[in-house]
Amino acid sequence: MRKIFFILSTLVVLSMILSACAPQTPTAAPVTQAPATQAPATEAPTQEPTPAGFKSKDPTTLVVAVFGEPETLDPALAYETAGGEIIQNVYEPLIFYKGDQPGEFVPMLAESWTISEDGTTYTFKIRKGVKFHEGGDLTPEDVAYTFQRGLLFGGTHGPQWLLAEPFFGTGIDDISLLVDPEGNLYDDREGIKAADPEKLKAACQKVKDAIVADNDNWTVTMKLAQPWGPFLATIAQTWGSVMDKEWVIEHGGWDGSCDTWQNYYAIPSEEDPFTPIANGTGPFKLDHWTQGQEIVLVRNENYWREPAKLQRVVIKKVDEWGTRFAMLQAGDADFVAVPPENRPQVDEMVGERCEFDLQANTYKPCVETDPNKPLRLYVGQPGVTRTDIFLNFNIAETSNYVGSGKLDGNGIPRDFFSDVHIRKAFAYCFDWKTYIDDVFRGEAVQSPVIPLVGMPGYEPDAPKYSFDKAKCEQEFKLADLDKDGIPAGEDPEGDVWTTGFRLQALYNQGNTTRQTISEILASNINSVNDKFIIETVGLPWPAFLRTIRSKAAPYFVSGWLEDIHDPHNWYVPYLIGTYASRQNLPSDLKAQFKELINKGVAETDPAKRHEIYKQLNALFYENVPTILLAVATSHAYEPRYVEGVIRNPLFPGFYYYTISKK
């Protein structure tokens, strides 16, 4: 969702996640068609009747208390799940997930679709009679414009690379590469504006030729550069949300001309006119967003399907856990964000337990455990997200988190983490057992490699770092931060082992899990050498996001939520994409990663693909640019008077359309 940073599990646990989705192995897709008679909505599971006495204060309004808030509501730019959740309920894509199944789809704004025999051409029949919230009629032109605008919007801070690869070819992850194949224009707004006008027009025309609207036949045809098996999964997410072309232009968006697109390339959220506003076709309309306080959605009474059951959804920003818990106890909030370390308090309120059936890939019928308690608990569903520690190889000059910026005991040099021994020392000083036991109460497992269980490239027995203070100390002593060729532990002139260091580690405010991660690491490193000082600093979500995007954080704790269950989804952002950029990974290392990533995604034989990824895993382990932590299983709550929650692990939050209250 995203998927990049703020994930509200469809039931309650919240964490800031860089949500993103990446393409899978290209495979030739057979001709398929979703019939117009197929239900265009996802269906929510049925539940047992609500016990008497468990009642909502207001059955028309759902109140959710969370920490953090969206960065932007522009579907072309939103790449974190707080914004993704709002977009998912206000806007709509051509197709959508079928219930809780992350790999099955039903029609939404497309009545049906066909795929050519060679798997490169998709034709969507657009639904008639759909209106945008502000009165405009949905047309094929709106659909084509939306995807064209997204690709031309580009930039590495948003989700458009997910679409760029299918349309432009493997490894071509940004529109700027069509202007400068050497990659010198990534995120360079001024550079794009100053580029050769003919190349700019040619890039734009390539986009327009690939996505064509036929207003007479009510179709939109999309032509891919190669077969791309997960294309439907890619456009089912929030960045596939359709916008009203006239409304976008009226509010300062791209005018649709190939003469002007460069002026709208890689616009940051703070300058994006569509950050605070929204106009979709979805079941809810944006009533208001009071930044720092709340977001309110109201039911779309003119929705093209049956109107939603809820009249209002109020999402309150409440950073402090005690306040959120009090709201839950008093019934002032229906859902609250529950950090894993606070689960024991909420577990005391559980009267119904729902276990996940791994074989059936769905939850078993819920079992009542206490008729007098108000919450329902869902446990056991494997996660598709992970929080990790990302080390910055070359911290930005603008950083305020490096102390003196020197190797003098009062700061760190900006290339502190470019020394592999420093990175390995940090890895050996993290205590996974404490993290898993204290934060997840044992309901998680350490990740040995970047991809998840069941994917090509997943190696349960791959070498991995473990908590070992002796090795942590040894690696610090092997570092050579003053670059005089003498290891720090032997340097008579002094180096990091004798001078010490001080830095600030960042997390987003309210995310106590991420705070705990940094505190575990800080404490262990300080115990190895009391001259090593790490201060944990909480920032509001927008400030945190801006800081890591500007590469000003020495290291940061963040996460990834997949949108397609494929290793490409994980290797790209971690090694050559979003996170690699924010970590300033050196170009030679990224080139080694990229060669193996491109070989892996192009290989259709799973066994051969796995062997390629084993090489990639070994290269990652040796260079340790990121400290991989653990994948958790679900532990999520809902009131027993709530019905209709869809627990699709790929949702960037709740899908409110199916939810009702008694």
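The set of residues in the range 488-511 that are over 24 Å from the mean Cα position of the chain (by Cα) and among the aliphatic types (A, V, I, L, M) comprises 488, 496, 503. The strands (runs of 3 or more DSSP E) falling completely within the range 221-319 that include 3 or more residues that are touching a residue at least 12 places away in the same chain (Cβ under 8 Å) and among the basic types (Lys, Arg) map to 312-317. Against the condition at pLDDT below 95 and more than 24 Å from the chain's Cα centre (by Cα), how does residue 307 come out, does it pass? No: the conditions fail for residue 307. When the test is whether a residue is modelled with pLDDT under 95 and surrounded by fewer than 17 Cβ atoms within 10 Å (Cβ to Cβ), residue 357 passes it. Taking every residue in the range 144-168 that is more than 20 Å from residue 188 (Cα to Cα) and pairing it with any residue that is of a type in the set (S, T, N, Q) and at pLDDT below 95, at least 6 positions away or on another chain, the pairs with Cβ-Cβ distances below 9 Å are 166/226; 166/234. Is it fair to say residue 175 is within 28 Å of the chain's Cα centre (by Cα) and farther than 23 Å from residue 593 by Cα? So residue 175 fails the test. Kindly establish whether residue 170 is touching a Ser or Thr at 6+ places or on another chain (Cβ under 9 Å) and part of a loop (DSSP other than H, G, I, E, B). The answer is no for residue 170. When 554, 487, 451, 463 are checked against the criterion of being farther than 30 Å from residue 336 by Cβ, modelled with pLDDT under 95 and not hydroxyl-bearing (Ser, Thr, Tyr), a single residue qualifies: 451.
Answer yes or no: is there a residue in the range 599-608 that is buried (at least 22 other Cβ atoms within 10 Å of the Cβ), assigned by TED's automatic domain parsing to the domain that holds residue 517, in contact (Cβ under 8 Å) with a residue 60 or more places away in the chain and not acidic (Asp, Glu). Within the range 599-608, one or more residues are buried (at least 22 other Cβ atoms within 10 Å of the Cβ), assigned by TED's automatic domain parsing to the domain that holds residue 517, in contact (Cβ under 8 Å) with a residue 60 or more places away in the chain and not acidic (Asp, Glu).
For the structure I just gave you, tell me whether residue 473 is in a helix (DSSP H, G or I), of a type in the set (Asp, Glu) and either surrounded by fewer than 21 Cβ atoms within 10 Å (Cβ to Cβ) or without any contact (Cβ under 8 Å) to a residue 60 or more places away in the chain (or both). So residue 473 passes the test. With respect to (1) surrounded by 15 or more Cβ atoms within 10 Å (Cβ to Cβ); (2) in contact with a Phe, Trp or Tyr (Cβ under 8 Å, 6 or more places away or on another chain); (3) of a type in the set (Lys, Arg); (4) over 30 Å from residue 494 (Cα atoms), the lone exception for residue 423 is condition (4). Considering the range 92-115, and only residues there that are of a type in the set (Gly, Ala, Ser) and modelled with pLDDT of 95 or more, the residue that is surrounded by the fewest Cβ atoms within 10 Å (Cβ to Cβ) turns out to be 112. Residue selection: residue 111 fails the criterion of being in contact (Cβ under 8 Å) with a residue 12 or more places away in the chain and assigned to a loop (DSSP other than H, G, I, E, B). In the set (1) touching a Lys or Arg at 6+ places or on another chain (Cβ under 7 Å); (2) more than 20 Å from residue 557 (Cβ to Cβ), residue 368 fails one condition alone, (1).
Kindly indicate whether residue 398 is among the polar types (S, T, N, Q) and under 28 Å from residue 343 (Cβ atoms). When the stated conditions are applied, residue 398 does not pass them. For the range 176-191, does any single residue satisfy the condition of being of a type in the set (A, V, I, L, M, F, W, C), in contact (Cβ under 8 Å) with a residue 60 or more places away in the chain, assigned by TED's automatic domain parsing to the domain that holds residue 109 and part of a helix (DSSP H, G or I)? Among the residues of the range 176-191, not one is of a type in the set (A, V, I, L, M, F, W, C), in contact (Cβ under 8 Å) with a residue 60 or more places away in the chain, assigned by TED's automatic domain parsing to the domain that holds residue 109 and part of a helix (DSSP H, G or I), which makes the answer no.
Scanning the range 62-91 for residues that are more than 16 Å from residue 277 (Cα to Cα) and either of a type in the set (A, V, I, L, M, F, W, C) or surrounded by fewer than 24 Cβ atoms within 10 Å (Cβ to Cβ) (or both) yields 62, 63, 64, 65, 66, 67.
Quick grid of which residues meet (1) aliphatic (A, V, I, L, M); (2) assigned to a strand (DSSP E or B):
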| residue | (1), (2) |
| --- | --- |
| 372 | no, no |
| 376 | no, yes |
| 380 | no, yes |
| 386 | no, yes |
| 393 | no, no |
| 407 | yes, no |
| 437 | no, no |
| 455 | yes, no |
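In the set 85, 43, 71, only one residue is at pLDDT 85 or above, not in a helix (DSSP H, G or I) and not assigned by TED's automatic domain parsing to the domain that holds residue 578; that residue is 71.
For the range 625-640, the criterion of being basic (Lys, Arg) and assigned to a helix (DSSP H, G or I) is met by none of the residues.
The values are calculated or read from the model by the stated rules, or taken from the named source; none is laboratory data. Given the structure is predicted, the values throughout are model-derived calculations rather than measurements. Every residue, glycine among them, receives a Cβ derived from its backbone with ideal geometry; neighbour counts consider all protein chains shown.
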